[in-house]
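First, the structure itself, so that you have it in front of you.
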Amino acid sequence: MLKLREKKRGFTFVETAMSVGIALVVFLMIYRFMSSTRQHYMYGTVNLQNLQEARMAINYLRRDFSCATPYIGGQGQVNFPNMQKARNFVFETPGWTPINAVNLIKLDSDSISIPKFAFGSPDEEPRIEYVTYTYETGNVLSRKLVDATGVLKNEVKFSGIESVEFKMYTHQLNPNVPVLWVRLLVLDKSYGTGEIGKALEVTASISSPFITSLVNNRNWRFETGHKEL
């Protein structure tokens, strides 16, 4: 009897194609999982040193703005009618007309200039010094403390900040309290592009008891004036 030829075992073309297709699907699923994991990781990535710089900048701003007040010279510099005009303003607005020996709080989108109380002086009239925050090239927010003549007394630079934004607003629940809103974007060079790796946003809302008092008690403020440090 003739022995029947044994069939050779192997994969057919269809089986091979199906195996390759399944492998591609598995690899695609793994790639998407890894890509999603990386994307979520990049969203949560931030340079801790830059974050610390942003928090320090917020702390300085909170301290300075809480002591902020418009500067009005004494009666030897500003006559009574101009004092009466100046007491209706705290911030420089389009309706403000400059008056000699009167300096208000100036706010732009990326800078703020604050006359502030200098505590610890023994004088009867409170002393005023000036602080400015300015966003500079090189991802730096600069804080400068100057005297009345513009001489620099102290400067602090907060690095690693991608952009800065300042705004003033009042909340509808308490419209009598002006609030400074600050927004800092923390720089991190490890971002990706597009939707991966957006900058961390640090925001703060800061109020000042002095400014709140000035806004809501205009009938008595600025009767004696201030002295510049």
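When residue 59 is evaluated against the numbered criteria (1) surrounded by fewer than 18 Cβ atoms within 10 Å (Cβ to Cβ); (2) assigned to a loop (DSSP other than H, G, I, E, B); (3) not basic (Lys, Arg), which criterion, by number, is the only one it fails?
Against the list (1) surrounded by fewer than 18 Cβ atoms within 10 Å (Cβ to Cβ); (2) assigned to a loop (DSSP other than H, G, I, E, B); (3) not basic (Lys, Arg), residue 59 comes up short only on (2).
Next question. Take the residues in the stretch 130-148 that are modelled with pLDDT under 90 and over 17 Å from residue 58 (Cα atoms), then tell me which one is surrounded by the fewest Cβ atoms within 10 Å (Cβ to Cβ).
So the residue we want is 137.
I've got another one for you. Quick one: which of 112, 99 is in contact with a strand residue (DSSP E or B) (Cβ under 9 Å, 6 or more places away or on another chain), part of a loop (DSSP other than H, G, I, E, B), modelled with pLDDT of 80 or more and surrounded by 11 or more Cβ atoms within 10 Å (Cβ to Cβ)?
99 is the lone residue from the list that is in contact with a strand residue (DSSP E or B) (Cβ under 9 Å, 6 or more places away or on another chain), part of a loop (DSSP other than H, G, I, E, B), modelled with pLDDT of 80 or more and surrounded by 11 or more Cβ atoms within 10 Å (Cβ to Cβ).
Would you confirm whether any residue within the stretch 138-145 is over 15 Å from the mean Cα position of the chain (by Cα) and either over 13 Å from residue 64 (Cβ atoms) or assigned to a loop (DSSP other than H, G, I, E, B) (or both)?
yes
Could you go through the stretch 73-84 and let me know if any residue there is surrounded by 18 or more Cβ atoms within 10 Å (Cβ to Cβ) and among the aromatic types (Phe, Trp, Tyr).
Scanning the stretch 73-84, I find no residue that is surrounded by 18 or more Cβ atoms within 10 Å (Cβ to Cβ) and among the aromatic types (Phe, Trp, Tyr), so the answer is no.
Give the residues of the stretch 149-161 that are crowded, with 17+ Cβ neighbours inside 10 Å and at negative phi, sorted by residue number.
158, 161
Condition check: of a type outside the set (Lys, Arg), closer than 21 Å to residue 93 by Cα and touching a strand residue (DSSP E or B) at 6+ places or on another chain (Cβ under 8 Å). Does residue 178 satisfy that?
yes
If you check residue 93 against the conditions, is it in contact with a Lys or Arg (Cβ under 8 Å, 6 or more places away or on another chain), modelled with pLDDT of 75 or more and among the hydroxyl-bearing types (Ser, Thr, Tyr)?
no
For the structure I just gave you, tell me whether residue 166 is closer than 30 Å to residue 86 by Cβ, in a strand (DSSP E or B) and either at pLDDT below 85 or not hydroxyl-bearing (Ser, Thr, Tyr) (or both).
In short, yes.
Which condition number does residue 94 fail, the rest of (1) assigned to a strand (DSSP E or B); (2) farther than 20 Å from residue 66 by Cβ being met?
In the conditions (1) assigned to a strand (DSSP E or B); (2) farther than 20 Å from residue 66 by Cβ, residue 94 misses (1) alone.
Name the one entry in 84, 49 that is in a helix (DSSP H, G or I) and modelled with pLDDT under 80.
84
The values are calculated or read from the model by the stated rules, or taken from the named source; none is laboratory data. Owing to the predicted nature of the structure, the values given are computational and were not obtained by experimental measurement. Cβ: placed from backbone, ideal geometry, glycine included. Neighbour counts: every protein chain shown.
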